[in-house]
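Written below as structure tokens is the structure these notes are about.
Read-outs throughout are calculated quantities, based only on the coordinates presented, and are distinct from any laboratory measurement. As the structure is a computational prediction, the values presented were derived from the model and not from experiment. All Cβ positions, even for glycine, are placed from backbone atoms using ideal geometry, and neighbour counts span all protein chains on display.
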Amino acid sequence: MDRAGISAVKVTLIYATFAVLWILFSDMTVELLLDNAQLRALAQTYKGLMFVSITALLLLMLVLRGNRLLEKANDMDSLTGLHSLSMFVRTLNITIKKLKSNERFILCYLDVDDFKSINETLGFERADAFLQDLAHDINEMTLPGSLVSRLHADQFASFVKLSDAVDMDSHVRSVQRLYTHRAKQHNIETTCCIGVAIYPADGISARELMVSATEALNVAKKQKNAIQYHDKTLTEKAMQRRQMVLDLRLAIDDDSLTVVYQPKYDLKTLTVNGVEVLIRWNHPVKGAIPPDVFIPLAEDNGLTGAISKFVVGKVSQELGRSGILGTQIKHVAVNVSATEFNNADEMYELTRFIQQHENLNSFIRIEITETATLTDMKKSVEIISNLQSNGITFSIDDFGTGYTSLAMLKDLTVDEIKIDRSFVSEVEHDDRSRTIVNAIIAMAQSFDINIVAEGVETANQLKILQTMGCQQVQGYYLGHPMPVEDLINHLSLNIN
């Protein structure tokens, strides 16, 4: 029975119950209270009028309540709990009327590529579960005052205000990254298309914006796994970005990325005893692409796991045949992105991959930024504890730049912390920086945590750090990132 039928049955039952009770008890009351036949007849008349009045009022209340419930049901998508299409349009119109002339919003349409095949492959229950989780994620990532809706079976919409915290490009990329992450969790090989319209450039009413977003989405759907702006200039930038992602995938598959090694010096022996591995990409057309450009691309498109495996494989190959691993090089630090670190499944995969490289397994040190771990402290503790049980040591990079550095020393059982270069660069001339560095070193030593100062660029900085009792240092003064051949030659040198 549908919702309308159930509602009708409820109203009928309530009315019938009330009518039966009224007839039984009202007749008994009249019989008990009135002996006179004329008074009984008059009472029956008034009783009938009261019954009609009360039942009319009761029916009115039931109908009004039913209408409110029906309106509420129509305003909400039954599967995801998001706004329905009709509610989204109404709310969008109201929101736009309240906007100030200098406010800018974006309307994003997200459409699942080949959703029909997902339904056929997984079945409706698993496909619906994926849509529910996706809807929850999109709703959670939007700021207060934003609107989120499920427009059709596999299509979602969000209307988000642009501000310093949420700019257009980062929001759209976050939505795409969120989709990729959720699809991985459900073991679904799928992509999505996103169409974007900007208020007020692409429309000043709900209808105009929705038409612009639909036009952009239709263009994106022809390409699949694409972001399309209604504004042609923005679309061109998105296309360039998409091409770079394709090139990055190809570079990973073709083994055309490279790694370099920055030496880490032991300040007691004045010799190299470890390295930090850094990845490099020399694009065949664009030349050298900086890591701060292609790593965010990898994060947004689910490529960080593949890059980490590439790095581990390449390091195992190069350092394994060099003969320096385990003799002069005691630790090999590999950087892991925030996105990868906060994904327990990806970290588990990386751990298994490292264990497959027995020559490297006992020397690997995973390096993560302080801000990466602070996304979820409880989760960070679990991930680090689990991976340490597999023999992998951990280093916190950029220590001191986050907001809860002291809490991290208490909660996270890390093996090493690296003092951020912003403090190291000031130890010569700034008393506050010198005091902070000294305090970090003292705390790390009390917790039996190895301490590394990064960004050392002068002999005086090195001398000060040595006096403070810092255990390891790295920086351009001691050695730039270099290929493995240059590293082997560099090992014959010491700080002096």
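Some notes on this structure:
- Of every Cα-Cα pair in the range 248-490, the percent that sits beyond 28 Å: 31 percent
- In terms of its Cα atoms, the range 103-187 spans 43, 22, 19 Å along the principal axes, sorted from long to short.
- Both numbers refer to the Cα atoms of the chain; Rg and Dmax are 33.0, 124 Å.
- In nm, spacing of pseudo-spin labels at GLU103 and ASN361 (7 Å Cα→C-beta vector): 5.8 nm
- Taking 0.36 nm per residue of separation and subtracting the Cα-Cα distance, full extension of the segment from LEU58 to LYS268 would add 66.7 nm.
- Built amide H within the under 5 Å cut-off of LYS264, gap 5+: ASN273, GLY274, VAL275, GLU276
- Per-pair calculated FRET efficiency, R0 = 56 Å: MET76 and LYS237 via Cβ, rounded to 0.05: 0.95
- With the charge dipole of the range 85-230 set up from +1 on Lys and Arg Cβ and -1 on Asp and Glu Cβ about the Cα centre, the Cα lying farthest toward the positive end among the listed residues LEU92, ALA129, GLN176 is that of LEU92.
- Each semi-axis of the equivalent ellipsoid for the range 125-260 is √(5λ) with λ an eigenvalue of the Cα gyration tensor; in descending order they amount to 26, 20, 15 Å.
- Taking the convex hull of Cα positions in the range 219-310, its mean projected area over all directions (nm²): 7.9 nm²
- Exposure proxy order (Cβ contacts within 10 Å, fewest to most) of GLU416, GLU349, GLU189: GLU189, GLU349, GLU416
- Global size of the range 144-206 as Cα Rg and Dmax, reported in angstrom: 13.3, 40
- Of the DSSP H helices in the chain, those with a Cα length along their own long axis of 15 Å or more and a mean Kyte-Doolittle hydropathy reaching 0.5 comprise 3-33, 37-75, 85-98.
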